[in-house]
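Here the structure comes first, spelled out in structure tokens, and everything after it is commentary.
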There are 2 protein chains.
Amino acid sequence: MVWFENNFTKALNIKYPIIQAPMASAASIELAAAVSNAGALGSLGLGYHKIENILPDYHKILAKTNHSINLNFMTHKEPNKNDIKAKKYMDEVKKYFEEYNITEIPKLVNTTETFNKEHLDLLLKMNPKVVSFHFGLPDENYIKSIKNQNIYIISSATTVEEAKILESSGADAIIAQGYEAGGHRGTFASTYKEGEIGLFSLLPQIVDATSLPIIAAGGIANGKGIAAAMMLGAEGVQLGTAFLSCPEASVHPLWQKALSDSSSRETRITSAFTGRPARGIVNRLIKDMENKNDIIPDFPTVGSIIKPLANIAADHGDDDFLSLWAGQSAPMNRNITSKELIELLVEETSTALNNFYKT
Amino acid sequence: MVWFENNFTKALNIKYPIIQAPMASAASIELAAAVSNAGALGSLGLGYHKIENILPDYHKILAKTNHSINLNFMTHKEPNKNDIKAKKYMDEVKKYFEEYNITEIPKLVNTTETFNKEHLDLLLKMNPKVVSFHFGLPDENYIKSIKNQNIYIISSATTVEEAKILESSGADAIIAQGYEAGGHRGTFASTYKEGEIGLFSLLPQIVDATSLPIIAAGGIANGKGIAAAMMLGAEGVQLGTAFLSCPEASVHPLWQKALSDSSSRETRITSAFTGRPARGIVNRLIKDMENKNDIIPDFPTVGSIIKPLANIAADHGDDDFLSLWAGQSAPMNRNITSKELIELLVEETSTALNNFYKT
């Protein structure tokens, strides 16, 4: 069996079972299109998009590729308004703004809506080959509409329990998101602690517990990693961090520098940037907020404070408040185009698998 | 290339590059001998042994096998005596003893010596094929003596930095211990947080950073896992948890039950049992001590309080204070003999690797 020909690639009409992670805001239209044109599956993260920008951006992608594309949405719970927590949090972060002589601290507001009826209508109109959801699946009626239109549905699990829920709720494939992964933990039904399982443990257990194609994510940076995931039963892989060093990605220069320096900079899971646990390269905000989870306002509201602060600091050359999302394999990143990366991944995977071929 | 024939197996004169983890107190003489007789490398953990029991136990193994054996020692720093901490800790745990109507709480003493001159002399006298050290390597003069006698030296790294230190300090092979692993973290030069790296990320980075044979550990429970480790560049694997369900292991029935129930019981890294971070199945002590690391006396002294308490509670049928060491793949355990396990692992590994053979 050739490793890249399986039910998953057939269902998605792609050549290689490699998904570029959606990475809302970092994965550009150019990146997604280039990845799909290279034979893998490009993804566009729409989680932070304003409703009115979704359709225009999708059309921009269609102008660049006629291959399968994955559109990604976030399915978080709406944030609770908690004035006491908000007050404590504002008191805590005020000092940062003062350092940059900013007297007016931004308001704590919800800038990102969870997947709703408007999103659904747009999705059905765009009718992509694939849709993926982060933080669980949307309402079952929504799922029914999406399935009626034969859009392939993917979502992430961080525990075996979550994988079973996704399978019984209508997912067509499941991403097993290992503890190593950069960015937001997809955890939606287990506790965050329970969801911190290394890919070596999580992947084979999810493969055993469900009958859907499983996509491995977290810590995969090269073809050896892809070959290893295949050995553990994956039918596909999703790489995020590896694509952040491609010129097509939309990554702040300070983030890019942090990725380059990642062999000497630890990554850690933190809720400091958005109110939900996500893995990034350790900087000042992560350290300062280490034991202060109880005062961090709900996802995604806290971003309305931290993003402006991060931009102001970044303009001064400081990465102190930037969300430097990265997985634990960030030190393995290579600075090549996404087309070169896909070609290299395919070649490396074949080489790794060939190493032990019988003679 | 046949996967089980490499420099590592040749150097150790073993058939299969599979090490049974030493697991002091749980890995019995019977287990180690059976594993070695089955073609893999059995290990005897001597970390908690009284000096006078080391030689007799080694002779018992020699009576059961003439294959290569690995002897394992602990190389921790001697504990600091901290009376204030000890006082706070005793106040904290007093309530547990009261529950069992024990009025006299055991004293806080150091029951386990780090690898010292006496151990060295014994080691040179026993002259095993392999010695492994946990928590780093011993003094460089000791290493010199061991190398002079051509005993193969192995130690664990939890970061790339630690792997480089081991290589430059005289190790012959390095265990890349992933975050998934059960029992004590081998971390010795990095912070414990830095050392929490999933095997998918840690293994290929250590393979790239050093030129020694790398042994993968953490979350490997079957042949698919071994095949995956090989893809990532490992020349050997070390399994611990998988052997705990073998009848030859010396595991308390309540621990055995916890392993059987592990698909519904989370594992977590805790310092509660010994004063050093180790992964075990969550029970009452782990939960109670969650945010109290600062009052836990240094490794291994706290064990002199917790072990007696664990035994008393266990006699009442409670696993509340038992160290239920287990890795994140514990739910994949199989209740078969160690000989059957080795045979199955070898067969599964070959099957996994054959899956993608070219036709």
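Each value in this text was obtained by applying a stated rule to the coordinates, not by laboratory testing. Keep in mind that what you see is a predicted model, and the values were worked out from it rather than measured. Every residue, glycine among them, receives a Cβ derived from its backbone with ideal geometry; neighbour counts consider all protein chains shown.
Below are the figures for this structure:
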item: Entries in A:Lys117/A:Lys164; A:Lys129/B:Lys193; B:Lys77/B:Lys147 that, when Cα-Cα distance is taken, lie over 30 Å; result: A:Lys129/B:Lys193
item: Region A:55-134: projected area of the alpha-carbon convex hull, averaged over directions, in nm²; result: 8.1
item: Directionally averaged projected area (convex hull, Cα atoms, region B:243-349), nm²; result: 7.3
item: Dipole of chain A, positive direction: furthest Cα of A:Thr111, A:Leu122, A:Gly303, with charges on the beta-carbon; result: A:Leu122
item: Filter on B:Lys50/B:Lys85; B:Lys60/B:Lys94; A:Lys85/B:Lys307 - keep pairs with C-alpha separation over 31 Å; result: B:Lys60/B:Lys94; A:Lys85/B:Lys307
item: Residues whose placed amide H lies under 5 Å from that of B:Ser132, excluding near-sequence neighbours; result: B:Leu71, B:Asn72, B:Phe73, B:Ile154
item: Nitroxide proxy distance, nm - points 7 Å out along Cα→Cβ at A:Asp261 and B:Lys64; result: 5.3
item: GNM result for chain B, Cα springs below 10 Å: residue of B:Ala157, B:Ala314, B:Ala40 fluctuating most strongly; result: B:Ala314
item: Stokes-Einstein diffusion coefficient of region A:1-125, Kirkwood radius over Cα pairs, 4 °C, 1.567 mPa s, in µm²/s; result: 75
item: Estimated inter-spin distance, B:Asn82 and B:Asn311, nm [label 7 Å along Cα→Cβ]; result: 2.7
item: R0 of 56 Å, Cβ-Cβ distance B:Met1-A:Asn291: FRET efficiency to nearest 0.05; result: 0.65
item: The protein assembly as shown: calculated mean residue ellipticity at 222 nm from DSSP helix runs of at least 4, using -39500 (n - 2.57); result: -11500 deg cm²/dmol
item: Value of relative contact order over chain B, rounded to a whole percent, pairs C-alpha under 8 Å and six or more apart; result: 19
item: Degrees, to the nearest 10: A:51-64 long Cα axis against longest axis of chain A; result: 40
item: Normalised contact order of region A:100-202, rounded percent, pairs of Cα under 8 Å and 6 or more residues apart; result: 23
item: Residue among B:Leu322, B:Leu122, B:Leu212 with the largest mean-square fluctuation in a Gaussian network model of chain B, springs linking Cα atoms under 10 Å; result: B:Leu122
item: Longest to shortest principal axis, alpha-carbon extents of the protein assembly as shown, angstrom; result: 77, 65, 46
item: Chain A: most fluctuating residue of A:His119, A:His316, A:His134 per GNM, C-alpha cutoff 10 Å; result: A:His316
item: Proximal aspartates and glutamates relative to A:Lys224, as straight alpha-carbon distance under 17 Å, when same-chain residues fewer than 8 apart are discounted; result: A:Glu180, A:Glu235, A:Glu340, A:Glu343, A:Glu347, A:Glu348, B:Asp208, B:Glu235
item: Modelled FRET efficiency - R0 60 Å, B:Glu161 with A:Asp121, Cβ distances, 0.05 increments; result: 0.70
item: Whole-angstrom gap from region A:129-179 to region B:144-216, using each part's C-alpha centre; result: 38
item: Inter-label distance for B:Leu55 and B:Glu99, nm, one decimal - labels placed 7 Å from Cα along Cα-to-Cβ; result: 4.4
item: Spin-label zone in region B:53-82 - amide nitrogen under 19 Å from a point set 7 Å from the Cα of B:Asn110 along the C-beta vector; result: B:73-82
